[in-house]
1. Within the stretch 38-55, does at least one residue satisfy the condition of being open to solvent by less than 40 Å² (accessible area, probe 1.4 Å), modelled with pLDDT of 90 or more, in a strand (DSSP E or B) and of a type in the set (A, V, I, L, M, F, W, C)?
2. Any residue in the stretch 12-34 that is at positive phi and either touching a residue at least 12 places away in the same chain (Cβ under 8 Å) or among the small types (Gly, Ala, Ser) (or both)?
3. Name the single residue that is farthest from Glu345 (Cα to Cα) among those in the stretch 257-280 being touching a strand residue (DSSP E or B) at 6+ places or on another chain (Cβ under 8 Å) and among the β-branched types (Val, Ile, Thr).
4. Could you check, for the stretch 22-35, whether at least one of its residues is in contact with a strand residue (DSSP E or B) (Cβ under 6 Å, 6 or more places away or on another chain) and either among the basic types (Lys, Arg) or surrounded by fewer than 14 Cβ atoms within 10 Å (Cβ to Cβ) (or both)?
5. Consider Glu164 carefully, then state whether it is among the charged types (D, E, K, R) and in a helix (DSSP H, G or I).
6. Given (1) open to solvent by 60 Å² or more (accessible area, probe 1.4 Å); (2) in contact (Cβ under 8 Å) with a residue 40 or more places away in the chain; (3) of a type outside the set (D, E, K, R), identify the lone condition not met by Tyr9.
Amino acid sequence: MHKLGISVYPDKSDINEVYAYMEKAASLGFTRIFTCFLSVPDDERETYLKTTFKDFMKKAHELGFEVAADTNPEVFKLIGASPDNLKPFADLGLDIIRLDGNFGTQGDIAVTRNPYNIKIEFNASMDAGVELLINNGGNKDQIIMCHNFFPERYTGLDFDLFQEFNAYWKELNLHTAAFVSSNNEHTIGPWQVFCGLPTVEIMRGLPIDLQARYLLATGDVDDILVGNYPATDEELEALSKVNLQAIEFRVDEAEGITDNERAIMYEFAPHWDRYDHSSFMLRSSFARVWFKSQKSVQDPTVSSNVSYQVTSQSIPYRDPGKPVFTKGDVLVVNDNLAHYRGELEIVLTEIPNDGERNLVATVKPEEIMLLDFIKPGHHFKILK
């Protein structure tokens with residue numbers, strides 16, 4: 001099950017503003033919070049944990065959040081905790097300890113076997129020896145994985161390496177999380193670097209919902225967390241609307257498309273690539289079945305969600321003004337190939353325009369890589 005989360009840094013922000021941000025996120029269905037103990041100055045950390053943070057945890061739990069905090073062995077010492085004694089963290093109400101640093105194999109195993117049901121979150125952006133811990137007695141039920149975020153530009157994870165790590169964690173059947181980054185001005189994180197806080201470098205600067213859609217499209221990321229604080233209301237709302245069950249991408253409509261073609265693209269759903277997959281295109285055949293059936297558009301078994309004025313089963317040929325279709329072109333089969341009329345196709349490899357398909361849209365350039373994640377049978381949705 002996927003979860004959405006935010007990051008907050010109560011030691012660096014007005015606490016009432018933090019609470020208002022948490023309330024907004026909670027109202028949109030966000031259920032995770034990341035925060036950091038490591039950035040609190042050493043001489044302030046003990047007071048912060050025993051006062052501000054305890055009140056913060058109470059508020060977070062009232063709003064239904066699960067809270068993870070970045071810690072290390074020094075924080076353990078400061079509050080009187082040890083690998084065999086996590087009661088000080090339990091007294092704070094902490095749900096997840098993100099372990100930055102380690103206590104050696106036996107110490108880390110002990111941490112995962114705490115009796116307080118505190119989950120231990122290891123760094124998913126490197127091989128942290130988690131498999132070794134599991135094989136030597138670590139409690140897999142209390143181990144989860146979360147990637148780093150990267151404040152410095154050009155230092156975020158390579159996307160291919162990110163996918164390799166996640167595939168490995170999923171082989172171990174471990175829950176995963178990764179960070180997207182707000183593009184809001186003047187956001188903060190644990191440190192004085194302000195270039196955003198994504199996990200994957202190529203996601204830096206992209207719209208926040210698109211970052212999430214890329215991470216989810218890989219199929220091996222469970223939770224999406226906003227790394228920097230605060231995201232805008234619009235960004236939180238955009239994230240809350242991301243489809244967690246299907247790959248979604250945005251398009252630019254072609255000129256002159258008809259209501260028939262819009263209905264096929266947006267509303268004859270769900271789209272999924274046929275199991276007899278072609279390397280040249282994705283093929284979604286649901287609309288073709290309706291156009292071939294010649295049933296009334298009012299028939300609820302085929303078109304209950306169609307709001308466009310579909311008055312005819314005809315799709316006349318329309319000249320797209322280009323001799324070749326290229327990757328990302330969204331096509332609808334027209335009357336010149338009547339047996340397949342209405343089928344929606346998305347070009348993966350360049351094909352000639354033979355007059356049998358109308359160009360109805362083109363996938364936005366920054367989203368075109370999402371097509372590579374749509375496998376035979378996978379659902380996808382085209383966003384207006």
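The values are calculated or read from the model by the stated rules, or taken from the named source; none is laboratory data. A quick note: this is a predicted structure, and the numbers were derived from the prediction, not measured. Glycine also receives a Cβ, built like all others from the backbone with ideal geometry; neighbour counts cover every protein chain displayed. We work out accessible area using only protein heavy atoms, side chains counted, and drop any ligands, DNA or RNA first. Shrake-Rupley method; radii C 1.70, N 1.55, O 1.52, S 1.80 Å.
1. The answer is no; no qualifying residue exists.
2. yes
3. Looking at residues that are touching a strand residue (DSSP E or B) at 6+ places or on another chain (Cβ under 8 Å) and among the β-branched types (Val, Ile, Thr), I get Ile257.
4. There is at least one residue in the stretch 22-35 that is in contact with a strand residue (DSSP E or B) (Cβ under 6 Å, 6 or more places away or on another chain) and either among the basic types (Lys, Arg) or surrounded by fewer than 14 Cβ atoms within 10 Å (Cβ to Cβ) (or both).
5. yes
6. Unmet for Tyr9, out of (1) open to solvent by 60 Å² or more (accessible area, probe 1.4 Å); (2) in contact (Cβ under 8 Å) with a residue 40 or more places away in the chain; (3) of a type outside the set (D, E, K, R): (1).
One line per residue, one yes/no per condition, for (1) buried (at least 18 other Cβ atoms within 10 Å of the Cβ); (2) free of Cβ contacts under 8 Å to residues at least 24 places away in the same chain; (3) among the acidic types (Asp, Glu):
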position	(1), (2), (3)
His186	no, yes, no
Gly189	yes, no, no
Cys195	yes, no, no
Ile202	no, no, no
Leu206	yes, no, no
Leu210	yes, no, no
Arg213	yes, no, no
Leu216	yes, no, no
Asp223	yes, no, yes
